[in-house]
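Here, each number is a calculation from the coordinates, and none is a lab measurement. Everything quoted here is computed from the prediction, not taken from an experiment. Backbone-built Cβ (ideal geometry, glycine too); neighbour counts: all protein chains shown.
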Amino acid sequence: MKKRFCLLLLAAFLLSGCHGAIAAPGDSAPATDTAYTLPEVFDTSRQYEITFWAKNDTNMTQVNIYKQAIADFEDLYPNITVNLRLYTDYGKIYNDVITNIATNTTPNLCITYPDHIATYRTGEHTVVPLDSLINDESFGLGGREVRFDAPTREEIVPQFLAECSFYGSCYALPFMRSTEACYVNKTFVEKLGYQLPEVLTWDFVWEVSEAAMAKDASGNFALNGQKVLIPFLYKSTDNMMIQLLQQKGAGYSTDAGQIQIFNDTTRELLLEIGSHAQTGAFSTFKLNGYPANFLNAGQCIFAVDSTAGATWMGSEAPLVDIAPEKLVKFETAVLPIPQYDPENPTMISQGPSMCLFWKDDPQQVLASWLFAQYLLTNDVQIAYAQTEGYVPVTVKAQQSDAYQDYLSRAGEDNDLHYSVKLEATKLLLESTGSTFVTPVFNGSASLRNAAGQLVEDVNKSVRRGETLDSRYISRLYKEVSSLYRLDQIRTDPGAAPGEIPAASKALLAALALCWLAMGAYVVREKTRKSSKT
Amino acid sequence: MNYETIQRRTALARRIGKGITYFLLTLWAIAVLFPFYWMVLTSVKSYGAYNSEWVPKLYTLSPTLENYVNAFSAVPLGGYFLNTILFTLGTTALMLFVTVLAAFAFARLNFRGKNLVFTGFLALMMIPTELVVITNFVTITNLDLRNSFPGLILPSVASVFYIYLLKENFSQIPDGLYYAAKVDGTSDLRYLTRVMLPICRPTLITITILKVIECWNSYVWPRLITDDQAYFLVSNGIQEIRENGFGRENIPAMMAAVVVISLPLIVLFLMFRKKIMAGVARGGTKG
């Protein structure tokens, strides 16, 4: 009897070691999602509670704009309550959405990037494809049943809407757009004996940065008389690498997700960046701090950041992080990022978009869709764009009298009409045709992070006194590829996952043997005891 | 060589040895205490001054308490404190209840499969907490316990290590006491509360203190299952200050929050350090 019991127990232990092969989200993800069908009528007799995860720069004005938009929307639709949850980092929204996909507790609507949506989509029925929603006659963009003046499809800047389409469908609506700009201490450039061109080139920036490194007899930098000067600071190193490769016409990735970033052009670029980091002429936000802090303290000449960061740039900036006595007066110029071909500038297009998540109740999805449309109305678009160097995503808002008036009043004050902010805004408005986006696929967010990591690691290695050569770069490629699992990005989402690696097979076999051995020991001890008695 | 010379040399060697020991201990103390000094120093530097420093300064000539004000106004840190106290007290009380009864059962009672179950418990100690976090997350979500105190407390209630520790302590109580109590007609529960618990009070205090420290420092689980500010703990609060302060990391305010949050634990440790170290030594783990 005891023997039988022990054998049963052993069998139970063995079974507990086996786990059902739950399909990993990416294993059977369809290439295109099922089209979402909106209900024909919005049931106004029911109450709806929708959750909106929003990103802001902790500019309190932005927070208040969200809250005002929610209040105004709820006035129009009293049966819809919008719960706002704020984040200051896209990465955190991404992480939280990924965590909640597994438990089906995603928000109704969130601010996101197309790269992130590509990963969300690996789950079944996660992100709602918006094509049928956009074109719906009743509730689509500018539909007849919509209670506010929503833009039509044609009134959204086509390029911005196209950036949200991939895998054959539109998965997001653009919310705001920005690009990168170079904020220049023009006073310092002229003090060094240079004239600022209309479009910066990389050669010019490197040359001026190196020239600025000269020191006087007391060991201070001759240019600013201080002990600290980092002539060229870049905020977003992933954008830096992506734009460098784009300008050089070198590989980054294919649309299908084939990684092309580890090439000779990248190698040359990294070695060049490393050489300037070695002289101290270049550094990054992650290593030294926010570029605006250095620019405003007279410790930087070229500070590259988003046009949305214009509110912090310049000695008269409305938002300043450093002590007032540290501010230095200088003339700020806002220029496109450095180019290899100034005749044909290219720069990245970025900015928040909005996506909707599948819910069992189609009325809830409709309520979320209505709110998403409300965020595209002129009032919200113009108000939010005015907080920083963002640009409204609708032609309707861009060409409105209110927005044109706003643009025409640059320099009237150092707050709403701060000249640097408006110059940055106009830079994007005038360069929309020169912007580009990177391919979107499951893993593109990791690839973007890897691109930035290459630049960061080179800078860190310079500080550690490591030798930067071809062998170093080859080693760096392997480390970054492994860190971001770029070798595991599947170019064909429909394909089978592939064979389990030999090391994993060995580990699983060892685990099974351990369980068998433990079970056998238990049975043997029981048998021995019972035979003694 | 006479006795006095030997004595002098021995004394000298002892003094030199002591000097070297104290010198090394001083260096180590500086290395260990410096982060605390840096934490307090940063908490009294103004935000602008902190961001302006190229080379971090080891002193400040214009200390300010504004960061302490900011720490409590940027986020509802007072509310987070209250949540943490409730979470700590609730978890510790429940844990003690479960641990005492479980340890008593394993130490004193006889039931079928006792050794197998206890062996299974010990085997569970081999599984790192991180492995079960996702499973617990799914379970708590399916039970609709996210953003709730039960959701925060329940996964932390059962601690195999503390059950083992207390069980070993209970086992050391002589059987004679139990038989004598039984002869007097004492029930098991009465024997537990009147005899075993008073004898094992030092261990109980140790596991209580260790659990309080563990709950106070808890971050991963609360961060995972709460997204409603009403249920955030102080660990979330520090993270909120880090993200929401002035649009950038507000390190001075963060440090001020950390100073305030660390104070109760520091006081607790100073009051009960002997018991904590004894418990840690007994268990062989870091507190």
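Data table
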quantity: Helix-derived mean residue ellipticity, 222 nm - over chain A, DSSP H n ≥ 4, -39500 (n - 2.57), to 500; calculated: -13000 deg cm²/dmol
quantity: Residues with amide H under 5 Å from that of A:N83, placed H, sequence gap 5 or more; calculated: A:I50, A:T51, A:F52
quantity: Tail weight of P(r) past 12 Å, computed on alpha-carbon pairs of the stretch A:74-123, percent; calculated: 68 percent
quantity: Anisotropy class of chain B from Cα gyration tensor, a/c 1.5 cut; calculated: oblate
quantity: A:D43 paired with A:E272, simple spin-label distance in nm, labels 7 Å along Cα-to-beta-carbon; calculated: 6.1 nm
quantity: Taking chain A and dividing mean pair separation by its residue count, relative contact order in percent (alpha carbons under 8 Å, at least six apart); calculated: 23 percent
quantity: Kyte-Doolittle mean at least 1.6, axial Cα span of 24 Å or more - DSSP H helices of chain B; calculated: B:251-283
quantity: Point-charge dipole on Cβ atoms (K/R +1, D/E -1) for the protein assembly as shown, about Cα centre, debye to 20; calculated: 6740 debye
quantity: A:Y167 long-range amide H proximity, modeled H, under 5 Å; calculated: none
quantity: Interchain or long-range residues, amide H under 5 Å from B:A158's placed H; calculated: none
quantity: The stretch B:110-177-the stretch B:21-65 distance, computed between alpha-carbon centres (Å); calculated: 41 Å
quantity: Difference of contour (0.36 nm per residue) and Cα-Cα distance, A:R144 to A:D405; calculated: 91.0 nm
quantity: Listed residues B:L94, B:V183, B:Y164: farthest to the positive end of the dipole of the stretch B:93-195 (Cβ charges); calculated: B:V183
quantity: Shape category assigned to the stretch A:161-231 from the gyration tensor of Cα positions, a/c cut at 1.5; calculated: prolate
quantity: Equivalent ellipsoid, the stretch A:360-435 (semi-axes from 5 times Cα gyration tensor eigenvalues, Å); calculated: 29, 14, 10
quantity: Gyration tensor over alpha-carbon atoms, the stretch B:93-248, equivalent ellipsoid semi-axes in Å; calculated: 38, 17, 13
quantity: Estimated dipole of the stretch B:9-73 in Debye, rounded to 20 [Cβ of Lys and Arg +1, of Asp and Glu -1, Cα centre]; calculated: 640 debye
quantity: Positive-end residue of A:T425, A:L447, A:Y484, charge dipole of the stretch A:412-533 with Cβ unit charges; calculated: A:Y484
quantity: With at most 16 neighbouring Cβ atoms within 10 Å, loop trypsin sites (Lys or Arg not before Pro) (DSSP) excluded, longest segment of chain B; calculated: B:113-285
quantity: Spin-label proximity, A:M518 to the stretch B:159-197 - amide N less than 18 Å from point 7 Å beyond Cα toward beta carbon; calculated: B:160-161, B:164
quantity: Spatial separation of Cα centroids for the stretch A:58-124 and the stretch B:195-230, in angstrom; calculated: 34 Å
quantity: Cleavage-rule hits, chymotrypsin sites (Phe, Trp or Tyr not before Pro), the stretch B:1-96, DSSP coil, Cβ neighbours within 10 Å at most 11; calculated: B:Y59
quantity: Cα gyration tensor category, rounded, prolate or oblate, for chain A with a/c compared to 1.5; calculated: oblate
quantity: Cut-off of 10 Å, at most 16 other beta carbons, DSSP loop: longest stretch of chain A lacking such GluC sites (Glu not before Pro); calculated: A:199-330
quantity: Nitroxide proxy distance, nm - points 7 Å out along Cα→Cβ at B:R15 and B:R190; calculated: 6.7 nm
quantity: Lys, Arg +1 and Asp, Glu -1 on Cβ, resulting dipole of the stretch A:239-352 about Cα centre, debye, nearest 20; calculated: 240 debye
quantity: Among A:A506, A:F285, A:I230 the positive-end extreme of the charge dipole of chain A (Cβ point charges); calculated: A:A506
quantity: From phi via Karplus (6.51, -1.76, 1.60), per-residue ³J(HN,Hα) for the stretch A:225-231 in Hz, x at Gly/Pro; calculated: x, 10, 7, 10, 7, 10, x
quantity: Spatial separation of Cα centroids for the stretch A:316-348 and the stretch A:141-189, in angstrom; calculated: 23 Å
quantity: Helical mean residue ellipticity (222 nm; -39500 (n - 2.57) per DSSP H run of 4+; nearest 500) of chain B; calculated: -24500 deg cm²/dmol
quantity: Gain on full stretching of the segment that runs from A:N104 to A:L429 - 0.36 nm per residue minus C-alpha separation; calculated: 113.1 nm
quantity: Separation in nanometres of the label points that stand 7 Å from Cα toward Cβ, at B:L265 and B:I205; calculated: 2.2 nm
